[in-house]
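See below for the structure under consideration.
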There are 2 protein chains.
Amino acid sequence: MTETIPFNQRLQQVQERTGSLLCVGMDPDPARLPEHLSRDVDGIGEFCREIIRTTREHVCGYKFNSAFFEALGGAGLDLLLDLRQSLPEPLLAIYDVKRGDIGNTAKHYARAAFESLRMDAVTLNPYMGYDAVAPFLTDASRGAFILCYTSNDSSRDFQQVRSEAGRPLYLQVAAKARDWNGGRNVGLVVGATKAEAVAEVRETAPDLPILAPGVGAQGGDLEAVLRAGRSSEGYGLIIPISRGIIYAGTGREYATRAGEQARTYKTTIQKAVTHE
Amino acid sequence: MTETIPFNQRLQQVQERTGSLLCVGMDPDPARLPEHLSRDVDGIGEFCREIIRTTREHVCGYKFNSAFFEALGGAGLDLLLDLRQSLPEPLLAIYDVKRGDIGNTAKHYARAAFESLRMDAVTLNPYMGYDAVAPFLTDASRGAFILCYTSNDSSRDFQQVRSEAGRPLYLQVAAKARDWNGGRNVGLVVGATKAEAVAEVRETAPDLPILAPGVGAQGGDLEAVLRAGRSSEGYGLIIPISRGIIYAGTGREYATRAGEQARTYKTTIQKAVTHE
């Protein structure tokens, strides 16, 4: 039965059940591992497993950054599957891989994400349009978060360019994504460093969940983002925090520190939501 | 010494030396393998090795479509490295993975492409702007082909939208890519199904090599594309052909047929270039 619930509804159910909008971003950089861990797939595996163990009671899911696993070669993908399968129910696994390709290729990427790696959702790049998104939407229980507004400086190169109609590209993306949400499994990625952008996107796409990175190490204002982005029911947002949690401690107590930070973020988010 | 030659110059040297603008696209779909091969990583490995054996004398390189290897899990990435290392000098390996991410993540993707998988060039997605491209340009001997104009129907969703200045997004991308080519290692991906688009991009970015997919199974007009896209020296284009070569035969003779098709395409391209 779980398989027939659209992803966006699943997300809200998991957030209700866990009481958390927080998701931990798993970006395990070998250069930033605690010293006692080896800088290889074994060390990274231990690091990730320990972080999951101490943070899992505070989150609605995990966002796995594919780059850090692919950089380990084939063994990295095996580790990724292993970590995904270790997550307790009902936590969600988001595969942050920013895919953007078409046709047969996209079908194979969807298979890699949803079948081989058993992820619940994936991040996608909109540049090639609907054709690059559609293959990820056929199973409504799996979600696709489409890059919309990113918080890096060079987002102005293209995302902020206005069309003849006067609308910046990122709002054109938000409008198209809203049209693609017939299966209720489309979301958007909107950087949390600019709350006004979150508000504009929310206005353009009232029902789409927003994955809003940038609150932790990148310095976004949590309360402003929550105010701008959450839907009327108090959901509609996922707040992924990576470095602010997984590198909270640098020594042998790293996992304990990560758990503490995750609890703090969860509570801060809950309070911010309740205050409104 | 080879390491200090910019990628775009290397590409031209390899095309001169091999007398070929053709590159074989390796998109090994398990569902399309000859019947006598197993539908797993072993069967796909044999298929790819045989195709490379019969086509390598006719090409300047291979374009590996990451999706088909990632769908095999960790063993697929191991196979990819194995195939890349099997290529004889001076053939080039292009990693078609359409990356688009920033900062630390992009650095790890660059490491995965250039160090773990030892690729010579990679395809990138421009949506996040220069920040997502820069980490792939630091070693000038490695190239980055940036998605510009794609031949799918929904390229009109965003790529063809005109800015306030009246220029479609894909020509804004071409202009930026030209600016990013200080290290002479930036190229563009322009679908070969619309020769006018190739011509516009060539006018906007006179010196950038163009990777022009779509000539084979997708039906682009080879001569029109060559006329529109090649630079004054007769180079500046790579013509990747995938299905038209690797699935040319369906039985035990598949590799022989692939070699014949590769030779035919190479000759056709040579003649078309000479005719001008």
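Expected output is a single nm value to one decimal: the length gained when fully extending between B:Ser231 and B:Ala175, i.e. 0.36 nm times separation in residues minus the C-alpha distance. What is it? The partial results should precede the final answer.
Values: separation 56, 0.36 × 56 = 20.16 nm, distance 1.66 nm.
Residue separation times 0.36 nm, minus the Cα-Cα distance, leaves 18.5 nm.
Which links in B:Lys194/B:Lys271; A:Lys107/B:Lys63; A:Lys98/B:Lys194; A:Lys194/B:Lys63; A:Lys194/B:Lys98 stretch past 29 Å when you go from one Cα to the other?
A:Lys194/B:Lys63
Using the crude model of +1 on Lys and Arg Cβ and -1 on Asp and Glu Cβ, and no other charge, please compute the dipole size for the stretch A:2-274 relative to its Cα centre, in debye to 20. Each step should come with its number before you reach the end.
On the way: 31 positive and 33 negative charges, 85 e Å.
Value, rounded to 20: 400 debye.
Could you put B:Arg111, B:Arg53 in order, starting from the residue whose Cβ has the fewest other Cβ atoms within 10 Å? Display every interim value, and only then the final one.
Numbers: B:Arg111 16, B:Arg53 13.
The fewest-first ordering by Cβ neighbours comes to B:Arg53, B:Arg111.
With equal scatterers on the alpha carbons only and no solvent term, can you work out the Debye log10 of I(q)/I(0) for chain A at 0.10, 0.14, 0.16, 0.17 1/Å?
-0.48, -0.97, -1.28, -1.44
Of the residues B:Ala110, B:Ala140, B:Ala71, which exhibits the maximal mean-square fluctuation in a Gaussian network model of chain B defined by a 10 Å Cα contact cut-off?
Ranking B:Ala110, B:Ala140, B:Ala71 by mean-square fluctuation puts B:Ala71 first.
From the label point of A:Ala165, set 7 Å from Cα along Cα→Cβ, how far away are the matching label points in the other copies, in nm, ordered shortest to longest?
2.2
Would you order A:Cys48, A:Cys23 from fewest to most other beta-carbon atoms within 10 Å of each residue's own beta-carbon?
With the fewest neighbours first, A:Cys48, A:Cys23 line up as A:Cys48, A:Cys23.
Calculated from DSSP H runs of 4 or more alone, at -39500 (n - 2.57) each and per residue, what is the 222 nm mean residue ellipticity of the protein assembly as shown, nearest 500?
-11500 deg cm²/dmol
For the rotation that brings chain A onto chain B, whose beta-carbon in chain A is nearest the axis, and what is that distance in whole angstrom?
It is A:Gly74, 2, counting Cβ atoms only.
Who wins for biggest fluctuation among B:Ser231, B:Ser163, B:Ser66 in a Gaussian network model of chain B, springs between alpha carbons below 10 Å?
Largest GNM mean-square fluctuation: B:Ser163.
Give the Rg/Rh ratio for the stretch B:22-115, taking Rg as the radius of gyration of the Cα atoms and Rh as the Kirkwood radius, to two decimals.
0.98
Report, for B:Arg252, each distance to the same residue's label point in the other copies, shortest first and in nm; define the point 7 Å along Cα→Cβ.
Copy-to-copy label distances for B:Arg252: 6.4 nm.
Taking neighbour Cβ counts within 10 Å as the exposure measure, how do B:Thr150, B:Thr267 sort from fewest upward?
Listed from fewest to most nearby Cβ atoms, that is B:Thr267, B:Thr150.
In peptide B:20-33, what is the residue-averaged number of other protein chain Cβ atoms found within 10 Å of each Cβ?
Details: counts 0, 0, 0, 0, 0, 0, 0, 3, 1, 4, 1, 1, 1, 0.
Mean shielding count: 1.
Quick one: Cα convex hull volume of the stretch A:122-175, Å³ per residue?
85 Å³
Between the stretch B:238-271 and the stretch A:84-102, what is the C-alpha centre distance in whole Å?
37 Å
Just how large is the dipole of the stretch B:19-140 about the Cα centre, in debye to the nearest 20, putting +1 at every Lys and Arg Cβ and -1 at every Asp and Glu Cβ?
220 debye
How many percent of DSSP beta bridges within the protein assembly as shown run antiparallel, rounded to 5?
Just about 5 percent of them are antiparallel.
Calculate how many DSSP beta bridges within the stretch B:2-274 are antiparallel, expressed in % of all such bridges and rounded to the nearest 5. Can you show the working numbers first?
Working: 1 of 29 bridges.
Bridges in the stretch B:2-274 are about 5 percent antiparallel.
Largest first and in whole Å, what are the equivalent-ellipsoid semi-axes of the protein assembly as shown based on the Cα gyration tensor, each being the root of 5 times an eigenvalue?
39, 26, 21
How big is the gap, in Å, between the Cα center of the stretch A:1-77 and the Cα center of the stretch A:145-186?
Taking the Cα centre of the stretch A:145-186 as reference, the centre of the stretch A:1-77 is 26 Å away.
Which distances in nm, rounded to one decimal and ordered from shortest, link the label point of A:Thr267 to the equivalent label points in the other identical copies, with labels set 7 Å from Cα toward Cβ?
Sorted ascending, the copy-to-copy spacings read 7.7 nm.
If we sort A:245-255, B:204-214 on the protection proxy, mean other Cβ atoms within 10 Å, highest first, what's the order?
Ranked by mean Cβ neighbours within 10 Å, highest first: B:204-214, A:245-255.
No value in this document is a laboratory result; all are computed from the given coordinates. All of these numbers come straight from a predicted model, not from anything done at the bench. No Cβ is skipped: glycine too gets one built from the backbone with ideal geometry, and neighbour counts run over all protein chains shown.
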